[in-house]
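Here the structure is laid out as structure tokens; the discussion comes afterwards.
Where a number appears in this text, it was derived from the coordinates with a stated rule and is not lab data. What you are looking at is a predicted structure, and each value in this text was computed from that prediction instead of being measured. Every residue, glycine as well, gets a Cβ built from its backbone with ideal geometry; the counts of neighbours run over all protein chains shown.
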């Protein structure tokens, strides 16, 4: 009979976007209880080991974390399995590096580098607005935060800009038509575009129409939309793909071209190295210096003249006759 929650996770049952090799072992790190669920987070051990390549095994990760060198949202974390989720800020003061965890168009987590000023805030989506005990209003964000006495205009699905040092709301963006948003769920996870239309279906899910920078339109549920900017300007830096999803054939052709270019570059480099080794000729100055050094060595250590061979007694050696004992 089971007693308590499970503390292990098989590698085959781990989320696919963690990108763990099937033959890397039997188990995978199970995320600790925190602000994000298992399918919506990336454990800290995988970020330091697999993404940033700062550690080779779990023991090195524990050494890094126990030295209190990792901060997430401005707070030191010493748990190797701490769940890091969407929009979380990871900072390493020793190396002066800051990253924000976001989605790319391949529905995977990616680390976006930040400056020191950009690492001081994060964006949070409002899940619900509630009136608590004593008629105190408060909001609940997507990362489990509760903020009391919010702005009266803030409602569910809006986005707030939170200062990580003070924990106060600096700015907010309403869920309106014309603002930019990113998809955080569904088939188009990681895509970025402008909100064009919002459809309300009573008794069912609300649907939002989004248009990206290349003019492609796509639809998704309301729960999968995260507003990240006013108008066409975003409040945070985007990944390298800028939230524009390419067709599958185009992705395949680009990967084939990259592989060909890499092979051609390797072949050119090998040919250049061969030609340089074959055509290497020492200059005259270097040859003259070597000759001078050799002459100095010969002057210091002259060759000894070989001593004349001693004749064996007074016996004359007649050619053709063997000398032996009588």
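Full extension of the segment from residue 209 to residue 155, taken as 0.36 nm per residue of separation minus the current Cα-Cα distance, would add 17.4 nm. Look at the alpha carbon pairs under 8 Å that are at least 6 residues apart: their mean separation over the length of the range 11-114 gives a relative contact order of 23 percent. Highest mean packing first, where packing is the average number of other Cβ atoms within 10 Å per residue, the peptides 114-123, 96-105 line up as 96-105, 114-123. Peptides 196-205, 25-34 ordered by packing proxy, namely the average of other Cβ atoms within 10 Å per residue, highest first: 25-34, 196-205.
Determine the shape class of the range 175-234: with a ≥ b ≥ c the square roots of the Cα gyration tensor eigenvalues, call it rounded for a/c under 1.5, and otherwise prolate if a/b is greater than b/c, oblate otherwise. It is prolate, given that a/c is not under 1.5 and a/b is the larger ratio. Classify the range 11-114 as rounded, prolate or oblate, taking a ≥ b ≥ c as the square roots of the eigenvalues of its Cα gyration tensor: rounded when a/c is under 1.5, otherwise prolate if a/b is larger than b/c and oblate if not. Oblate shape, in that a/c is at least 1.5 and b/c is the bigger or equal ratio.
For the range 120-174, what does the alpha-carbon gyration tensor say about shape, rounded, prolate or oblate, given a ≥ b ≥ c as the root eigenvalues, a/c under 1.5 as rounded, and a/b over b/c as prolate? Because a/c hits 1.5 or more and a/b exceeds b/c, the range 120-174 counts as prolate.
Relative contact order of the chain, taken over Cα pairs closer than 8 Å and 6 or more residues apart, is 10 percent. Only one of [x] 134, 53, 43; [y] 81, 51, 35; [z] 74, 55, 39 was calculated from the structure for Cα extents along the principal axes in Å, and its label is [x]. Computed from the C-beta positions of residue 257 and residue 138, the FRET efficiency with R₀ = 51 Å rounds to 0.45. The label point for residue 62 and the one for residue 3, both projected 7 Å from the Cα toward the Cβ, are 2.4 nm apart.
Compute the helix-to-body angle for 284-300: its Cα long axis versus the longest principal axis of the chain, expressed 0 to 90° and rounded to tens. Helix 284-300 sits roughly 50 degrees off the main axis of the chain. Dividing the summed helix terms, -39500 (n - 2.57) for each DSSP H run of n ≥ 4, by the number of residues in the chain produces a 222 nm estimate of -6000 deg cm²/dmol to the nearest 500.
Once you reduce the range 217-254 and the range 96-169 to the center of their Cα atoms, the two points are 20 Å from each other. For residue 16 and residue 200, the difference between the fully extended length at 0.36 nm per residue and the C-alpha to C-alpha distance is 63.0 nm. Once the Cα atoms are used to define both axes, helix 248-278 deviates from the longest principal axis of the chain by about 20 degrees.
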